[in-house]
Amino acid sequence: MRKILSNKLYLYLTEFFAGMSVMAVELGASRLLAPYFSSSQIVYTIIIGTVMIAMALGNIYGGRKADKDPDPDKLYRRILIAAIWIAAIPVVGKYIILGISGLVIFTVNTNFLVIAAFVSAMVVFVFPLFLLGTVTPSLAAYTIENRSDSGKVVGRLGACNTIGSIIGTFLPTFVTIPSVGTAITFLIFAGILIVLCIIYFISGRNDPKDPDQENTEGKDTKKPDTARIIAGILVFIFCCAFGSSDSFAFWEDDLTYEGESIYNYLQVKEDDSQVILSTNVLFGVQSLYQKNGALTGMYYDTAMAAPMMAGIGGSEPFRILILGNGSGTFATQCMRYYGSYAGPIQIDAVEIDQDITDLAEEFFHLSPDVNVVTYDGRAFLDSVDEKYHVIMVDAYQDITIPFQMASTEFFTLVKDHLYENGVMVVNLNMRGGGKNAMNTYLADTISTCFSEVWTADVDWSFNRELFASNSPYMLDTFRKGYAAAKSASPAEAKELGAYLQSVDEKLQKYVPGNNVMTDDKAPVELLSMRAIDEIIYDEVAYLKDIYKEKGIKGVIDALQ
């Protein structure tokens, strides 16, 4: 037996660091997958399930190996292999994920997100976690010397694992991922495991004639372990050199900013005409700033119908609340266009991610007159008594729809914070119909709280804007408003009035059904996944046809 195991302390430390590393890898997995598959509950479920599969298999294998050959050296060799694999994830993980996603899209017709995320998690994360899953049963075999203290020993091992898991949960979330990124987080915990193995293998044995040593005559076990350590260190150094980048969009070479916050993967891209923010996706636009001061060409323009529907104008401040401010595009557009002629405007905005607000101030010219609160949207409504003329709900992102902001209870809370003729506008970012569509459920739920519900599709996008109010005069007020804007003197007013007239032509009265979501039952993930499937299917259908006719070369040529 090695000297370092003489008092069993090192075995308990091994359990501690193994538990810590498992949780760190699990949390890192959620951040590594988020830019490609979103950060929805579905993805978290896949990750948790994958981790449980790996740990269960590791427990079974580790227990069998410990009974047949109770040699701690073999356990630490497995830990070393797991550490090297974890260190390699930042180097090759994103390429594997993209490759798997491409194969899945071309080979299945439904459940793209679930299948691609599950296969990616199995390929990238199962093996190292399987090896770490062998730690607990192996250590139990090494530490239990007689049945009289077996309960005490197993209890201590469990406590060490749990305490390590707690630290491995909080440390990445609140310290390493926000400060140094997901890639370096993987490298940090891989490095901890490698150091753990190095300390073990460089420790000598109590008795050179110990029967636990290699029984085969003429063989020196020290040299193979030394070679493993050196190889592990070299691979780790290589991974640190080539895997420390926090770039998920590795094909981009002109990003203005790329980083991570506690909540999101963040990407800012700038060109001569605009600045774009993407969060938790590698493609798409969540917020933008038009440098020439023009309309955005996105759903924010359509959403600006809401202030006119609520009768903006007059000497009293017109109050707008934005739930999901992002980089402040809607606030900026409202101040730019309505501020030129419609009287004083007071805008309060809620954004849960402070890092996004910092980016808004640095890159998107968010006005200091916009009062931004770092808070959850629903929790904010619960904490204030103020009323508003317009409340903009822009907290839905692809499949990531907070269920607590999609229920009857939430929309009732919004209604209670509106003035009598106030208007709520909701950005629905997955256009689709049918009784089982996400938008149908949302619109049906909203209709239980508001008597007037109208929708307008946004050109050249999947977005649909929903306007809700209890004022029967909402549309009359809107039409008078844009007519007055068209005849106003500022150029911004004329431009806005003409555009909103085109929005009026797209408005459709919503006829509600019975698909109502509540805090108790809101299947937003499954509904959103179904919508994502439809979008992906439509987008890649023509590529599948090219692939069938011309093969992969034809697809590559089509994408160029």
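The values are calculated or read from the model by the stated rules, or taken from the named source; none is laboratory data. These numbers were taken from a predicted model, which means no experiment stands behind them. Methodologically, a virtual Cβ is constructed for each residue, glycine included, from the backbone with ideal geometry; neighbour enumeration extends over all protein chains shown.
General remarks:
- Qualifying residue in the stretch 467-477 (condition: surrounded by 19 or more Cβ atoms within 10 Å (Cβ to Cβ), within 28 Å of the chain's Cα centre (by Cα) and not in a helix (DSSP H, G or I)): yes
- Matching residues, the stretch 96-109, being in contact (Cβ under 8 Å) with a residue 60 or more places away in the chain and either surrounded by fewer than 19 Cβ atoms within 10 Å (Cβ to Cβ) or not assigned by TED's automatic domain parsing to the domain that holds Leu131 (or both): Leu98, Ile105, Phe106, Asn109
- The stretch 503-533, residues that are among the hydroxyl-bearing types (Ser, Thr, Tyr) and over 14 Å from Thr408 (Cβ atoms): Tyr510, Ser528
- Among the candidates Asp73, Asp67, residue that is surrounded by fewer than 21 Cβ atoms within 10 Å (Cβ to Cβ), assigned to a helix (DSSP H, G or I) and in contact with a strand residue (DSSP E or B) (Cβ under 9 Å, 6 or more places away or on another chain): Asp73
- The listed residue being more than 27 Å from the chain's Cα centre (by Cα) and loosely packed, with under 15 Cβ neighbours inside 10 Å, out of Lys506, Lys480, Lys486, Lys521: Lys480
- Residues that are more than 30 Å from Gln404 (Cα to Cα), out of contact with any helix residue (DSSP H, G or I) (no Cβ under 6 Å at 6 or more places or on another chain) and part of a helix (DSSP H, G or I) occur at least once in the stretch 13-31.
- From the list Thr143, Thr162, Thr176, Thr185, the one residue that fits, being surrounded by fewer than 16 Cβ atoms within 10 Å (Cβ to Cβ), touching a residue at least 12 places away in the same chain (Cβ under 8 Å) and among the hydroxyl-bearing types (Ser, Thr, Tyr), is Thr162.
- Given (1) farther than 22 Å from Leu193 by Cβ; (2) buried (at least 23 other Cβ atoms within 10 Å of the Cβ), index of the condition Ser39 fails: (2)
Each row is one residue, and each column tells you yes or no for (1) among the polar types (S, T, N, Q); (2) closer than 26 Å to Ser278 by Cβ; (3) surrounded by 22 or more Cβ atoms within 10 Å (Cβ to Cβ).
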{"position": "Asp358", "(1), (2), (3)": "no, yes, no"}
{"position": "Leu366", "(1), (2), (3)": "no, yes, yes"}
{"position": "Val384", "(1), (2), (3)": "no, no, no"}
{"position": "Lys387", "(1), (2), (3)": "no, no, no"}
{"position": "Asp394", "(1), (2), (3)": "no, yes, yes"}
{"position": "Leu413", "(1), (2), (3)": "no, no, no"}
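- Within this structure, Val458 passes the test of being at pLDDT below 95 and either acidic (Asp, Glu) or in the same structural domain as Phe330 (by TED's automatic domain parsing) (or both).
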